[in-house]
Amino acid sequence: MNPQSLFFNGMILAGAGFMLTSILLSLKMLPPLPRLFRRQWSILTGLMCFFLLGYIGVILVHSVGIPLPAEFITALVFFGGSIFVFLILRLIRQVITDLINKDTLIQAINQDLEDKVEQRTAELAQSLAEVDQLSVDLSQILNTISTGVRLIDRDCIVQRVNKSFCTMTGMRKEELVGSKCYTCFLDERCRQSDLCTLNQIDRTGQAIHTEVVKTTKSGKKLHCMLTATPYRDKEGSVVGIVEDFQDISERVQAEQEREQMQTQLLQRSKLESVGQLAAGIAHEINTPIQYIGTNIDFFSESFDDISTLFATLHNLATQGKNEADSNQMGKAVIEALDEADWEFLREEIPTALEQTRDGVNRVSAIVRAMKEFSHPGSREKAPADLIEIIKNTLIVSCNEWKYVAEIETNFGDLPMVPCLSDEIGQVFLNIIVNAAHAIGNLQGKTGTEEKGRITITTSTEDDFAEIRITDNGGGMEEKIRKRVFDPFFTTKEVGKGTGQGLSIARNVIITKHQGTITVDSEVDKGTTFIIRLPLKESKDQGGEQT
């Protein structure tokens, strides 16, 4: 074999080797290819296999000595190469087209992403602007609220306050924010105690509504209505509290002034009642005083007679010596007893003493009742005997009712009742005097002289002491009954009533004692006032019914 043949065979073998290597690489690259390129790549791989077979066939034919025309081999190589180049170019074109399409798609996606990012950025900027505006609005709203508001975290640190809270405490916002909540006021004793609203809300999770008294650092006392609510994060966990302080100092002061005015009004009403009852009380005292004076005159005259009698007896006793003298002395004693009217004195002196003792007791009872009635009393409720108060009131008002009515009392067992005894006595007096006047007016209309009846009954029902005062006077019409507790409303003639008695009674029973006062009346039948006082002090408000 000549060198030319060896070179030819070597080149063909090298080409076959490269072709085999290319086929193996092509087969290895085929699976990961996209479906779009996998078919063309398979055709190229098949063509390479065909070329490999051609290389092998040429080598076999050349090795057995069969001559092949150079034109045939050249044509075959050019044909196969052109097809291979065509397929390669087509594949490259498809790849480039796909890359261009993907680049266009990527650009479109990128543009869409840019548009979305720009839109989201604008929305985010708008949201941030809305949040900023909301924060401004919230700040303005908080600063517009007339109540003081502060936000406290779980570490007792003040996180936020409004303008009203700064004004209330007299401190600047910079001083308050970041400080401990218990340093905002003086003498705060709630720290780490059951009084701490943060601790209370932490335990219960419920809002708190209570009245508190705070002292600012300038020493000013503030009466506030405090509302404390939980402050929660987005998960609903309590991370602090919001406190709302409503300054009610002016209202408390007004209530104190109103209570003082009511006390003064009650005292004036009491003095007015005393003035109205003064003539009757003077008459009630004058009657026993008169017969006490008469009996004292009688005792004085009787003492002279008794002194003369005992002087005569003494002389006779010292002069008698014998039986004749004794007889004479006996006659003289009898004459002296007759002269002194001893039988009369023996019968009348005990009676006069009893009358005098009764008169003194009556005067003493009237004076004691007047003393109890006119006593200003305590401003704090104290246990009192309501029955004793009623008895004293009946004594004081005796001259008002004794000429027109009989008093009937049905006193049930009553425990001591916490009350303002002087004011309760004034209530009883107003109702009893009104009852006597109602009976007197009915007697004036009908012309009867028969006395009416005022019945006073006491009892207990549930947790209340109940007092019923009933009269059989003329009663009230419906329109009058509905206004009976109105201030300055009266059906009496000018100068005989101010219209304050039952209004005061209503205030005393309902506002000051948390009881109830009820009136039931029927024309020509009579009227009943029912007063109910709690046996234990209560914070619940009472009421009146008509």
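The values are calculated or read from the model by the stated rules, or taken from the named source; none is laboratory data. In this text, all values refer to a predicted model and were calculated from it rather than measured experimentally. A quick note on method: Cβ atoms are made from the backbone with ideal geometry, for glycine too, and the neighbour counts reach across all protein chains shown.
For region 160-176, enumerate the residues that are loosely packed, with under 15 Cβ neighbours inside 10 Å and not charged (D, E, K, R). Within region 160-176, T167, G170 meet the criteria. Within region 173-201, residues that are among the small types (G, A, S) have Cβ atoms under 9 Å from residues that are at pLDDT 80 or above and not in a helix (DSSP H, G or I) in these pairs: G178/I157; G178/V158; G178/Q159; S179/I157; S179/V158; S179/M171, counting only partners at least 6 apart in sequence or on another chain. Does region 40-48 contain any residue that is at pLDDT 70 or above and over 24 Å from D98 (Cα atoms)? Checked region 40-48: at least one residue is at pLDDT 70 or above and over 24 Å from D98 (Cα atoms). Of all the residues that make up region 146-158, how many are loosely packed, with under 14 Cβ neighbours inside 10 Å and not hydroxyl-bearing (S, T, Y)? Total meeting the criteria: 2.
Does S127 meet the test of being modelled with pLDDT of 85 or more and not assigned by TED's automatic domain parsing to the domain that holds F185? Against the criterion (modelled with pLDDT of 85 or more and not assigned by TED's automatic domain parsing to the domain that holds F185), S127 qualifies. Taking (1) in a helix (DSSP H, G or I); (2) basic (K, R); (3) under 28 Å from the mean Cα position of the chain (by Cα) in turn, R120 satisfies each apart from (3). Does at least one position in region 496-517 carry a residue that is modelled with pLDDT of 85 or more, under 33 Å from the mean Cα position of the chain (by Cα) and part of a strand (DSSP E or B)? Within region 496-517, one or more residues are modelled with pLDDT of 85 or more, under 33 Å from the mean Cα position of the chain (by Cα) and part of a strand (DSSP E or B). Go through region 443-484 and give me each residue that's over 18 Å from V433 (Cβ atoms) and assigned to a strand (DSSP E or B). Within region 443-484, T457, T458, S459, T460, E461, F464, A465, E466 meet the criteria.
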